[in-house]
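Notes follow once the structure below has been shown.
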Amino acid sequence: MVSPKSSSSSIGLVALVLAAFSAEDLVSVSGFVSPPRGTRVSLTSTPSLSGSSLRMSIFGDDSRKSDDMESKTDAGRFTTDQYKGVEGAIPSPNDVEVPETRQLRWEREAFVQSKFASGDELFQLRLRIVESRQELIDAQVRYNDSKGRGDRVATQGRIDVLEKELHDMNERDAEFMYALSSELMESAETSGDIEGAEKYRVQMEEARLCIPQLNMHGLWVGKYGDHGYEMINVTYSGDTLIATKVTGDKNVPKGEITFTADLTPRISTSVQPAHATHLEPIELDEKAQRQWGKKYLPRYLGKGQVASENFNNAQWMEGQMILVGRFFSFAWVPIGHQIFFGRPSSELTIKMLREAREEEFKCDHVAVMRDVAHTMMEETHWVEREEDSYFMEDGCFE
C-alpha cells in the first residue's frame, strides 16, 4: 500500500501536469464537444456581465435597449443568431425565433450571473475581502484605544466605510451568498417565518446556479490509464459531488462510484480561512497563465476509489478535484494519478455505450439472453397496444 502524501506536496505535481497539456490538446480529443460557433478554442474565463447594460453585455454589438425584461412585445425578441460567440450558449439547429419563455429564462439567468464575480475576478475579490477585514479589525482597535473625540469620530467614519465595502464585496461572492442564504432560510423555517424562508430559498437557488462546481451534472469522459476512455455521470447529494461510472473496467466496474468531492461553499466572518478543509486555488506562473488564460485554478478535497481486479479490496483514498475552464480533473493524491474529464459529444456517448454493452455481452451470456427477452417483451407490449382491438374480436384465437 502506498503511503498517502500530504495535500500540499501534490500542488507542484498537479500544476506541472496541468501545464503539460495545452487547451488545443484537450479540445482536439476526438468526440469531445467543440465550442459554439464564433468562439475561440481557449480556456479563458467568462467575463462578468454588467448589470447596467444587460443587452450590451449579452449580445455584444446589439445595442437595443430592454428596460422591461418581462415585456411581451415582439420588439425585444431575438433569434439564436445573436448568441454566436457567447460561451455556454447552445444555438438551435436552425436560426429560428427563440420561444418567449426561453428568452425570458436566458435573460433571467444572465441577470443573476451579472450580480456575482467569477473566475480570477472572484479570487481577487476574496483577497480584497481578507485585507478589508483585517483593516476593519485594526480600525476597531484604534477606536477603542482613542481618547480624543475627534479621533473617535474619524475612526468611526472609517469603520462605517469598511463595513459597507465588505457588505458590497460579499454580495458579489456567489458561494458566500449561497451559504449565508441557506443558513438564514433554515433559521426562518425554525422560527416559523414561511415568507422569509421562501425569500432566502430563492436567493440560495440563484446563488447556487452561479457556482460552477455545483452545476456539473451529467456525462463526462476521461482516460483511465491503460483501461482507456471511460464515461462517468456526475450527480449531487447536497453539496457533495458524486461521480459514478457509466462504463467501467476490471477494477472499478460500471455503477460504482469512482470519486466524490466536498464542494461545501466558503463562508467566513474573520481573516482566518473559511474552513480548515478548504484548499486554496492553484496559482499558475506567467507561462501557464498565458497557456490557460487564467491565473487561478480552483480545487476541492475529495475521495477517490481504487480496487484490485473484479472490484476486490476496494478502498478510498485522498483526492483533489481541480477545475480547468470547461474541463476538470481529479487526482488520486497518494498514487499520483490524475484524470482529465471533458464533455462527450452525442456521437461519442452513443459509441461508448454501444461498445460497453457489446463487451458486457461477450463476458456474460446470461446478460445476452436477458437482453433478448427484454426486447421481445417490449415488442409484444407495443404490438398489443397497436392491435388491441384485434385481440378483442370474436374468434381471434380460434
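Looking only at residues that are at pLDDT 95 or above and open to solvent by 20 Å² or more (accessible area, probe 1.4 Å) in region 220-235, which one is nearest to Pro253 (Cα to Cα)?
If we take residues in region 220-235 being at pLDDT 95 or above and open to solvent by 20 Å² or more (accessible area, probe 1.4 Å), then Asn233 is nearest to Pro253 (Cα to Cα).
Scan region 282-294 residue by residue and report those that are open to solvent by 30 Å² or more (accessible area, probe 1.4 Å) and under 21 Å from Pro265 (Cβ atoms).
Correct list: Glu283 only.
Do any residues in region 129-143 that are within 13 Å of Leu166 (Cβ to Cβ) have Cβ atoms under 6 Å from those of residues that are open to solvent by less than 70 Å² (accessible area, probe 1.4 Å) and among the hydroxyl-bearing types (Ser, Thr, Tyr), where the two are at least six apart or on different chains, and which pairs are they?
Cβ pairs passing all conditions: Ala139/Thr155.
Can you confirm whether Gly238 is at pLDDT below 95 and open to solvent by 30 Å² or more (accessible area, probe 1.4 Å)?
So Gly238 fits the description; yes.
Go through region 95-137 and report how many residues are out of contact with any strand residue (DSSP E or B) (no Cβ under 8 Å at 6 or more places or on another chain) and in a loop (DSSP other than H, G, I, E, B).
Within region 95-137, residues that are out of contact with any strand residue (DSSP E or B) (no Cβ under 8 Å at 6 or more places or on another chain) and in a loop (DSSP other than H, G, I, E, B) number 6.
Could you tell me which residue of region 355-398 is most open to solvent (accessible area, probe 1.4 Å), considering only residues that are polar (S, T, N, Q) and at pLDDT 70 or above?
Among them, the one singled out is Thr380.
Are any residues in region 284-315 at pLDDT 90 or above and among the small types (Gly, Ala, Ser), and if so, which ones?
Matches in region 284-315: Gly302, Gly304, Ala307, Ser308, Ala314.
The values are calculated or read from the model by the stated rules, or taken from the named source; none is laboratory data. Note that this is a predicted model, so its numbers are computed, not measured. No Cβ is skipped: glycine too gets one built from the backbone with ideal geometry, and neighbour counts run over all protein chains shown. What goes into the accessible areas is simple: the full protein's heavy atoms, side chains included, and nothing from ligands, DNA or RNA. Shrake-Rupley method; radii C 1.70, N 1.55, O 1.52, S 1.80 Å.
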